[in-house]
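The values are calculated or read from the model by the stated rules, or taken from the named source; none is laboratory data. Because the structure is a prediction, the values reported are computed rather than measured. In this analysis, Cβ positions are derived from the backbone assuming ideal geometry, glycine residues included, and neighbour counts consider all displayed protein chains.
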Amino acid sequence: MTLGIRQIDCARDDAERAIAALRAELSPKGNVVSPEGRARTIAAFGEPLEPRQVVERICEDVSARGLAAVLDYTRRLDGVTLEANQVRVSDDELRAAHRQADPGYLETLARIRDNILAYQKGILPSGVRIEPGPGVELGLLYRPIRRVGVCIPGGAAAYPSTLLMTVVPAQAAGVGQIAVVVPPTPFGGFNADLLAACAAMGLSEVYRVGGAQGIAALAYGIDAIGLEPVDKIVGPGNLFVALAKRHVYGTVDIDGIAGPSEVVVIADATAEPEFLAADLISQAEHSPGASILLTWEPALIDRVLSALEDQLGRLSRGSLARDSLERFGALIRVRNRDEAVRLSNQIAPEHLHVSTADPRGLLPELTNAGAIFLGHFTPVAAGDYAAGPSHVLPTGGTARFSSGLSAIDFLKRSSLIALSRDGLAALAPDIRLLADKEGLTAHRLSVDLRLDDTSGAP
């Protein structure tokens, strides 16, 4: 079977238009839902609601009915009937999973956790204190968010890596309370490896709740099972999870609106076609996932296409990846490296892999990417699993203005101002003038009273 992936030649085709159309289709507004997902929606609600409508109904219902709504949607959407005492994973279950886990697996988790902690603690900012003038002290204080909710996928595969990449940065920042929601599936809340990972990271709040109802449970809390509302929700998920996070934003903070996984690979003649094909497939196998090659070497495109055909036939998720590559992938011939950089910045990908002879030479010009992987021996999988930076990254072009999840995202900033009487006196003329301009007389009075020698204030 010949792979029907898009092939675009920038010398002849309108690459920018094709990329824009692809980006729109994969955004949360694109409503990319599997046929199974649409059928499940009709079965659950009796009508073909759009994803946004589904999410609104679920969130409002969970807010109003709490545990009853969570159990109802778990049955209707996940096909799982849970008793109330099964929703929260018990301490005994967590301990048993950890005790029965393969020692080698636990050792791997510990090593990766150490890698993540080292990186995340290394990038934490320290407080700032300056004295711009006599009697004026200004500062910036950082404090961890009190309570965080983490959403872990678990529909098609188990993701202990996502647990590591979300929980450990929060722990590095000093977050004291972390609640995890995961679907009630064999890959999620009933997966022994995932529960063992939770125990290994010292987590005690793990709930078998997936999808939009899991996001709503974190945002609004479920008194019946002791789930207190969180202050921030992080973690990836499908379209319904992304839209639910958007719906509850404002009640809580969120890390972002994640869409399907994506990678852009910039390559020259020194790149190995087999390496490039593997990188493209590794994101496509998330299905959906966008995989785009940018190269100014026409012969490389043919060699990558051949390598893709070969590898797809040998991989367990090859058929899923093939479908994703044909729907959302592209092999793009650019005229030169400058055009590759311009298109990459336009796409603003989640993952950007620079597989060229001098990848650092392009780095100053590559301004929009969630994570950048430099060199032939830096596959995206290294960042997905073990290197240290979180693999929770901006998608859908949002790397133009947002960043990947890190320990910094679990800190709040408070500005600090401390003035002596002389310090206030130095600022008073400017405060008075602006207060008069704005007609806010109480603002001026609060300064005048403090500087009035007859007021008796020290």
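Some points to look at:
- Selection within segment 278-301 - crowded, with 24+ Cβ neighbours inside 10 Å, part of a helix (DSSP H, G or I) and hydrophobic (A, V, I, L, M, F, W, C): LEU280, ILE281, ALA284
- Total residues in segment 202-227 satisfying the condition of being surrounded by fewer than 23 Cβ atoms within 10 Å (Cβ to Cβ), in contact with a strand residue (DSSP E or B) (Cβ under 7 Å, 6 or more places away or on another chain) and aromatic (Phe, Trp, Tyr): the figure is 0.
- Boolean, THR270 is modelled with pLDDT of 95 or more and either surrounded by fewer than 23 Cβ atoms within 10 Å (Cβ to Cβ) or out of contact with any helix residue (DSSP H, G or I) (no Cβ under 9 Å at 6 or more places or on another chain) (or both): yes
- Top-ranked residue of segment 110-129 - restricted to ones that are of a type in the set (A, V, I, L, M, F, W, C) and in contact (Cβ under 8 Å) with a residue 40 or more places away in the chain, ranked as farthest from SER414 (Cα to Cα): ALA110
- Among residues of segment 233-255, those that are surrounded by fewer than 24 Cβ atoms within 10 Å (Cβ to Cβ) and on the phi > 0 side of the Ramachandran plot, counted: 1
- Per-region count, segment 382-427, residues part of a helix (DSSP H, G or I) and surrounded by fewer than 17 Cβ atoms within 10 Å (Cβ to Cβ): 10
- Index of the failed condition, LEU434 passing every other in (1) under 40 Å from the mean Cα position of the chain (by Cα); (2) in a helix (DSSP H, G or I): (1)
- Matching residues, segment 308-332, being without any contact (Cβ under 8 Å) to a residue 40 or more places away in the chain and in a helix (DSSP H, G or I): ASP310, GLN311, GLY318, SER319, LEU320, ASP323, ARG327
- Complete set of residues in segment 75-109 that are in contact (Cβ under 8 Å) with a residue 40 or more places away in the chain and under 18 Å from ALA158 (Cβ atoms): ASP78, VAL80, VAL89, GLU93, LEU94, ALA97, HIS98, GLN100, ALA101, TYR105, LEU106, LEU109
- Contacts under 8 angstrom Cβ, first residue in segment 134-146 being closer than 11 Å to GLY423 by Cα, partner part of a loop (DSSP other than H, G, I, E, B) and not aliphatic (A, V, I, L, M), 6 or more apart: PRO134/SER420; GLY135/SER420; VAL136/SER420
- Filtered residue count, segment 333-373, keeping only those that are assigned to a strand (DSSP E or B) and more than 27 Å from the chain's Cα centre (by Cα): 1
- Taken over segment 168-186, the criterion of being part of a strand (DSSP E or B) and within 19 Å of the chain's Cα centre (by Cα) is satisfied by ILE178, ALA179, VAL180, VAL181, VAL182.
- Some residue of segment 245-252 being outside the structural domain of ILE178 (by TED's automatic domain parsing), of a type in the set (Lys, Arg) and under 26 Å from GLY155 (Cβ atoms): no
- Selected residue (only one of ALA321, ALA307 is touching a Ser or Thr at 6+ places or on another chain (Cβ under 9 Å) and in the same structural domain as VAL265 (by TED's automatic domain parsing)): ALA321
- The set of residues from segment 38-51 being assigned to a helix (DSSP H, G or I) and either surrounded by fewer than 16 Cβ atoms within 10 Å (Cβ to Cβ) or modelled with pLDDT of 95 or more (or both) comprises ARG38, ALA39, ILE42, ALA43, PHE45.
- Evaluation of ASP13 against (1) in contact with a strand residue (DSSP E or B) (Cβ under 9 Å, 6 or more places away or on another chain); (2) at pLDDT 80 or above; (3) of a type in the set (Asp, Glu) (one fails), failing number: (2)
- Residue check for LEU343: touching a helix residue (DSSP H, G or I) at 6+ places or on another chain (Cβ under 7 Å) and buried (at least 19 other Cβ atoms within 10 Å of the Cβ): yes
- Scanning segment 382-436 for residues that are charged (D, E, K, R) and without any contact (Cβ under 8 Å) to a residue 60 or more places away in the chain, we see that the one that is nearest to ASP231 (Cα to Cα) is ARG400.
- Tally, over segment 187-201, of residues that are touching a residue at least 24 places away in the same chain (Cβ under 8 Å), surrounded by fewer than 23 Cβ atoms within 10 Å (Cβ to Cβ) and not in a helix (DSSP H, G or I): 3
- Yes/no for ARG113 being modelled with pLDDT of 95 or more, among the basic types (Lys, Arg) and touching a helix residue (DSSP H, G or I) at 6+ places or on another chain (Cβ under 7 Å): yes
- Summed over segment 214-234, the residues that are assigned to a helix (DSSP H, G or I) and either closer than 13 Å to GLY149 by Cα or under 17 Å from the mean Cα position of the chain (by Cα) (or both) give a count of 7.
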